[in-house]
Every structure is written in C-alpha cells, then in structure tokens.
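The values are calculated or read from the model by the stated rules, or taken from the named source; none is laboratory data. From a predicted model like this one, the values you see are computed outputs, not experimental measurements. All Cβ positions, even for glycine, are placed from backbone atoms using ideal geometry, and neighbour counts span all protein chains on display. Keep in mind that these areas ignore ligands, DNA and RNA; they rest on the heavy atoms of the full protein, side chains included. Shrake-Rupley method; radii C 1.70, N 1.55, O 1.52, S 1.80 Å.
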Amino acid sequence: MYQPQQQLSATKSLLCIFISVMSAIVVSLGVIMLIIYLVFKPRNPEFQVYSAQLTSLTLSGYYLTAKWNFDIIISNPNKKLDISYNPVSATVFYSKNINQFGPISNIPLKPFYQPKKSKALVRFETQVTNLFVGNGIASGIVNGQFQHSLQFGIEFRAYVIRKGLFHPKNSWLKVTCAPMNFVIGSRATIWDLEHPVKCNI
C-alpha cells in the first residue's frame, strides 16, 4: 500500500544526492580554476629605458636638430604566456607629458616575438633636422642647456598578441617612459641618460 510513496522518497533522495555531488564537483572545479588563474594570472610586459644618448643637438631659433639613441629592455614576466608586438612604434616628446607639447619624432619599430619569462633588448635611433618646435620647447631646451639637464620622454604604442593559458584578448598597448633626464657626458656634444627609467602602462 505504501510502496509507491517509498519509491518516490527513494527517488527524491537519489536526486538530492546527485545534485549535491554535482554541486560539489562544480564548486571544486571553480576553486581549482581560480587557483590556476591566480598562479598564472596574465601580466603586462614591462618596459625600461636602460640607456640613451642625445647627440647632434642644435637649436636655431624655433628649429631643432637632434638625434637620439635608445636601448630598451622589454620583459615578459608571464610563466605561460607568449607575446607578439605587431605593429609597434616609438614617439619622442619633450618634457614629462606628451600632451604638453606634442610629439617631436615618431619611428616605426620592427615587430618582434617574446617567449614567456624572457627579456629582449631593443635598440633604435631617431632624429629630426630643422624641425619647427615652437617657443615652449625652444625655451625649455635653452634653459636646460644652461642647467646641463634636458628632459625628454618616449611613448610606445603596440598591438599586443598574447598566446597561452588564460590569455587576454589582443589589444593595443600604450607605454610611457618619462621623464628621461639627459645630462652632459664626458664630451660636451653628447648628452647621456642620467639613470635607467622604468616605464608605465
């Protein structure tokens, strides 16, 4: 007489056990995935201006002639993520902020690939000849020459392609290295970067 009710109760108990087991599995998988993500959390590349020189500096009124040589160290701190930079460009500007006076020189750089947990040394040069820079930059450079200290900056722009575990979507990356303080070197015609500069994303 009570058999159907007993079977229904048994079915409900099995269903509850099944739901509980599946819930535990889902929670466990979620915790495991969270731990893996925290361990291998994607990180942005790190840029540092290791050394730089400013040469051929000539200012005629508001017209600038100059040449910059840069050694940039780019680090990929990720354990499970490779990074490709393509395209990539560098823009030199005066002072601490590119928005203050605008760009002075822009140069496209060769695309490159960076494996996980690696560092790359990127060397390049750029120059301007009789470039009109206006009163703000001209006055700043004249004052800087008297004080034996000139400030410039670099802005990198790159389309970053990431490959590996938990990789974010491909995206544009903007990196600013400023201020870079140049001081007179052993020869009066060469301005050297005073110290390495860590860049900000």
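Which Cα, out of P103, I83, I184, lies furthest along the positive dipole direction of the chain (beta carbon charges, K/R +1, D/E -1)?
I83
Under 24 Å Cα-Cα from K119, which lysines qualify once same-chain neighbours fewer than 8 residues away are excluded?
Counting by Cα, and skipping residues close in sequence, K119 has these lysines nearby: K41, K79, K80, K110, K163, K169, K174, K198.
Please work out the average accessible area per residue across the chain, using the 1.4 Å probe convention, and give it in Å².
Accessible surface, normalised per residue, equals 61 Å².
Of L64, Q53, V26, which is farthest along the charge dipole of the chain in the positive direction, counting Lys and Arg as +1 and Asp and Glu as -1 at C-beta?
The one lying farthest along the dipole's positive direction is V26.
Carbon and sulfur together cover what percent of the accessible area of the chain at a 1.4 Å probe radius?
58
Please compute the contact order of the chain in relative form: average sequence separation of alpha-carbon pairs under 8 Å and at least six residues apart, divided by the residue count, as a percent.
24
Angle between the Cα long axis of helix 134-147 and the longest principal axis of the chain, 0 to 90 degrees, nearest 10?
Helix 134-147 sits at roughly 80 degrees to that axis.
Go through P115, N44, L131 and say which Cα lies farthest out towards the positive end of the charge dipole of the chain; charges sit on Cβ, +1 for Lys and Arg, -1 for Asp and Glu.
Positive-end residue among those listed: P115.
Only Lys, Arg, Asp and Glu count, each charged at its Cβ (+1, +1, -1, -1), so figure out the dipole size of segment 57-200 about its Cα centre, rounded to 20 debye.
Dipole magnitude for segment 57-200 comes out near 860 debye.
Would you indicate which of [x] 59, 16, 14; [y] 50, 20, 14; [z] 60, 19, 14 is the value of semi-axes √(5λ) of the Cα gyration tensor in Å derived from the coordinates of this structure?
Computing semi-axes √(5λ) of the Cα gyration tensor in Å and matching it to [x] 59, 16, 14; [y] 50, 20, 14; [z] 60, 19, 14 gives [x].
I'd like the orientation of helix 3-39 relative to the chain: the angle between its Cα long axis and the longest Cα principal axis, in ° from 0 to 90, rounded to 10.
20
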